[in-house]
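Computed from the coordinates by the stated procedures, all read-outs in this text should not be read as laboratory data. Quantities reported herein were computed from a predicted structural model and do not represent experimental measurements. Cβ sites come from the backbone with ideal geometry, for glycine too, and all protein chains shown count toward neighbours.
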Amino acid sequence: MNPLEYKTGAGYDVHRLVPGRKLILGGKDIPFDLGLEGHSDADVLVHAVCDALLGALGSGDIGEHFPDTDPAYKGISSLALLEKCRTLMDEKGYELNNLDCIVFAQAPRLSPYKKEMEDNMAGVLKADTRLVNVKATTTEGLGFIGKGEGIAAQCTLLLRSKS
């Protein structure tokens, strides 16, 4: 077996909840009275996926590729960042084999939106939607997430060589 046939990656991101911003998760605008603070649209889920993908490719992290000091990324859709990461994945000869994500949020309830998040990310990654899974959980009122101060996401993925 070729040791480079499969590559794994892990990603994590967290953003503070603030008034006056949209809540975007997995490329989905979710109705809520608070949104995530950040330079881009602050989509913690897609940011975690980007970091996992970049990590699997041995290509650094999201901050190196899309620094928050660069005005080009001000307000940008995180799905556009994911598309750039997918292009890098294509150039390096890999494709998605599996993506599993968890969003940690006390509120709002995310179950009604998980399928659309999966579809959005699978579409950008040019992958079958059955390869993308999004789970949501609370922290049972514990920590900054439980107090409604922020939302976090983590994911793991497996890439497969196209050759």
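Per residue of the chain, the DSSP helices (runs of n ≥ 4 H) give a summed -39500 (n - 2.57) that works out to -8500 deg cm²/dmol at 222 nm. For K74 and D61, the difference between the fully extended length at 0.36 nm per residue and the C-alpha to C-alpha distance is 2.9 nm. For the peptides 40-46, 25-31, 68-74, 140-146, the ranking by packing is 40-46, 25-31, 140-146, 68-74, with the highest mean count of neighbouring Cβ atoms within 10 Å listed first. Distance from the alpha carbon centroid of segment 1-71 to that of segment 72-109 works out to 6 angstrom.
Computed over the chain with a Gaussian network model linking Cα atoms closer than 10 Å, the most mobile of G150, G55, G93 is G93. Of L45, G141, S77, whose Cα points farthest to the positive end of the dipole of segment 6-161 (charges on the beta-carbon: +1 Lys, Arg; -1 Asp, Glu; origin at the Cα centre)? Of the candidates, G141 comes out farthest on the positive side. Counted by Cβ distance under 15 Å from E5, the other residues give a net charge of +3, where Lys and Arg count +1 and Asp and Glu count -1. Taking 7 Å along the Cα-to-C-beta vector as the label spot, tell me the L88-K135 distance in nanometres, rounded to one decimal. Inter-label distance under the simple model: 2.7 nm. For P(r) over Cα pairs in 10 Å bins from 0, in percent, the listed values are [x] 10, 38, 38, 12, 1; [y] 11, 42, 33, 11, 2, 0; [z] 10, 37, 29, 15, 6, 2, 0, 0; which was obtained by calculation from the structure presented? Correct label, based on the coordinates given: [y]. Against the main long axis of the alpha-carbon atoms of the chain, helix 114-125 sits at an angle near 40°. Count Lys and Arg as plus one, Asp and Glu as minus one, and take only other residues whose Cβ is under 13 Å from that of H65; the net charge is then -4.
Report, ordered by chain and residue number, the lysines lying within cross-link reach of K135, taken as a straight Cα distance under 24 Å and ignoring same-chain residues fewer than 8 apart. Correct list for K135: K7, K22, K28, K114, K115, K126, K147.
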